[in-house]
Amino acid sequence: MENCMEDMKTRVELQPLLEDNSDGKGGIRTLPFIIGNDAFEKIATYGLMPNMVLYLMNEFHMEMSSASTLLFFWSASVYFMPLIGAIIADSFLGRFYTIGFGSAIYLMGMIPLWLTTIIPQVRPPLCDLSSTTCSSPTILQTAFLCASLGLISIGAGGIRSSSFVFGVDQLEKGGSKTQCGLKESYFSWYYAAYMLSVLIALTCVVYIQENKGWAIGFAVPLVLMLIGVVSFFSASPFYVKLKSRTSLASGFVQVVVASYRNRHLKLSDDTNYVWHCKNGSTHVFPSEKLRFLNNACIVRDPVKDFTRDGIAKDPWSLCTVDQVEELKSLLGIIPIWSTGMIMNINGSQNAFPVLQATAMHRNITSTFAIPAASFNVFMVIAVILWVLLYDRIFLPLASRFMGRPVHVSTRTRMGLGIFLSSLAMIESAIVEAARRAHAINEESLDHPPAGVHMSAMWLIPQNILMGFAVGSNAIAQNEFCFSELPRSMSSIATTMNGLGVCLANLLASLIMNIVDSISKAKGGESWISSNINKGHYDYYYMLLAGLSLCNMVYFIVCTSAYGPFKEERTREEKDDMY
């Protein structure tokens with residue numbers, strides 16, 4: 001927390017948070033409603049996603065490739081829409097109305113999705129057992145399904161884009177922004193609620209879907225979301241509702257447009273230019289990196305370019321040096337950021353492990369079996385375990401052994417995550433090859449749902465490896481973005497990981513469809529056949545492992561070209577002082 005030590009000195013002079021609010025707005029009492037609404041959205045979304053491939057294949061009679069493609073696009077939109085929601089909140093609606101509209105739209109998507117489970121007319125009829133044929137969904141039925149998923153994505157974007165920062169707004173009312181301990185507690189509770197929501201979704205909600213049917217299984221997240229929305233709006237009179245402001249995204253577009261409009265201006269080393277600088281800015285001159293963007297902040301005629309207040313008359317022709325440098329910093333981190341995006345392709349393979357688990361023995365006791373879609377919970381547990389082991393065990397022990405504070409650089413942790421993700425795919429391929437061999441030996445190629453005599457617990461190691469990979473790489477990626485981007489771009493830094501997951505899902509869909517087309521081009525069985533025993537999911541996993549190793553090489557090249565990170569330069573400067 002910035003200036004946290006100074007804040008601690010003055011905390012004794014401050015009144016409690018709620019007493020600071022003369023108008024009765026904001027404060028701790030509003031946080032349960034904000035966090036609760038956000039948590040219920042995550043329970044609903046993550047509770048629907050894992051089993052959705054089975055729902056689409058069994059109830060909508062989709063092929064594995066078609067169902068996976070639809071889910072890849074849905075997942076991509078869920079992670080992309082918060083970026084759009086952040087722009088809308090910052091530039092137009094403000095955070096309260098963005099969350100409110102998002103919550104209402106989310107419900108509008110959940111209701112028709114639940115209706116597909118209880119109204120026969122909005123989904124294909126049951127398969128004809130006598131002829132072993134199944135009717136495909138009609139255009140209207142597919143449109144109805146896609147519309148509901150689309151509304152859920154839009155609603156999730158509105159909620160996720162603003163809930164976290166909206167909570168901060170409540171704590172910063174009345175000068176309470178100096179209470180660092182309070183904010184730290186809020187951050188901890190927010191992320192604790194996030195992880196708890198995911199665990200509940202992958203265990204309780206998934207279990208209900210598998211054992212109580214789709215109608216009840218989809219109704220539970222719908223009811224929870226309804227409770228969250230009602231509680232959020234019920235606290236409306238107590239919220240601090242800040243007005244919208246100019247978005248950084250529009251500033252980036254202005255820099256690109258202005259640099260293009262001023263492209264006729266020739267930059268040279270021996271010419272003195274007048275640069276448009278913001279009052280109080282530390283950026284007086286633009287850097288030499290991506291020099292073509294510097295044209296955007298050249299002042300051609302001070303009389304014509306500025307108003308009497310010193311503001312550019314046309315921000316689409318003249319930008320500040322700060323705007324130019326912010327865009328440069330964003331473009332500069334994209335190569336390294338993209339390595340995490342490629343790694344997320346492995347983490348987005350949610351449908352295939354569900355089919356694997358469905359075709360294996362999942363019994364813990366004679367009466368209880370782990371739901372096929374619940375095996376992803378081991379990846380979530382692994383992420384939590386990684387954080388605890390790294391922060392509470394490894395760093396203290398290493399620091400004690402070395403006799404000085406030990407810190408593993410973000411560069412190292414990002415690279416380790418990419419390497420572990422490739423190991424996870426190799427492990428997945430080995431387990432799938434063994435499972436398929438069991439199916440062949442047991443002559444159950446035509447009956448994958450029956451399950452081979454192989455425990456689904458063999459899927460746990462690959463989930464743990466992938467969880468360790470995400471824990472190592474994703475956290476380091478976030479630190480990298482926050483460190484390398486200017487402080488004014490913190491909101492952009494928070495969306496970079498979600499944008500990476502979004503693009504990863506789109507790339508995963510592209511890769512899967514290419515593999516599907518090529519593998520069945522000559523009339524053969526697709527590697528990703530709907531019948532998992534006839535397909536070759538092991539080959540597909542090995543392909544992903546190969547791509548991950550190529551990504552490792554790409555990461556090394558990108559980090560070498562980027563040079564020292566800010567944290568590395570800061571550490572070197574501190575070492576030089578001693």
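The values are calculated or read from the model by the stated rules, or taken from the named source; none is laboratory data. Bear in mind that the values here come from a model prediction, so they are computed numbers and not experimental data. Neighbour counts are summed over all protein chains in view; Cβ atoms, including those assigned to glycine, are modelled from backbone coordinates with ideal geometry. Side chains are part of the model used for accessible areas, which takes the heavy atoms of the whole protein and leaves out ligands, DNA and RNA. Shrake-Rupley method; radii C 1.70, N 1.55, O 1.52, S 1.80 Å.
Among the residues of segment 471-523, the ones that are over 20 Å from the mean Cα position of the chain (by Cα) and of a type in the set (Asp, Glu) come to 1 in all. Just wondering, is there one or more residues in segment 93-103 that are within 23 Å of residue 50 (Cα to Cα), within 21 Å of the chain's Cα centre (by Cα) and in a helix (DSSP H, G or I)? Taking every residue of segment 93-103 in turn, at least one turns out to be within 23 Å of residue 50 (Cα to Cα), within 21 Å of the chain's Cα centre (by Cα) and in a helix (DSSP H, G or I). Output yes when any residue across segment 417-440 is of a type in the set (S, T, N, Q) and surrounded by fewer than 16 Cβ atoms within 10 Å (Cβ to Cβ), and no when none is. No: zero hits. Scanning segment 213-244 for residues that are part of a loop (DSSP other than H, G, I, E, B) and either over 22 Å from residue 98 (Cβ atoms) or touching an Asp or Glu at 6+ places or on another chain (Cβ under 7 Å) (or both) turns up 213, 240, 242, 244.
Scan segment 509-566 for residues that are in contact with a Lys or Arg (Cβ under 7 Å, 6 or more places away or on another chain) and either more than 23 Å from residue 70 (Cα to Cα) or free of Cβ contacts under 8 Å to residues at least 60 places away in the same chain (or both) and the total you get is 3. So, residue 385, is that one part of a helix (DSSP H, G or I), under 26 Å from residue 191 (Cα atoms) and touching a His at 6+ places or on another chain (Cβ under 8 Å) or not? No: the conditions fail for residue 385. Among the residues of segment 499-510, some residue qualifies, meaning at least one is open to solvent by less than 10 Å² (accessible area, probe 1.4 Å), among the aliphatic types (A, V, I, L, M) and under 25 Å from residue 54 (Cα atoms). If you go through segment 77-121 and keep only what is over 19 Å from residue 166 (Cβ atoms), open to solvent by 50 Å² or more (accessible area, probe 1.4 Å) and in contact (Cβ under 8 Å) with a residue 40 or more places away in the chain, you end up with 79, 80, 108, 111, 114, 118. Annotation for segment 191-199: at least one member residue is out of contact with any Cys (no Cβ under 6 Å at 6 or more places or on another chain), of a type in the set (Val, Ile, Thr), part of a helix (DSSP H, G or I) and modelled with pLDDT under 90.
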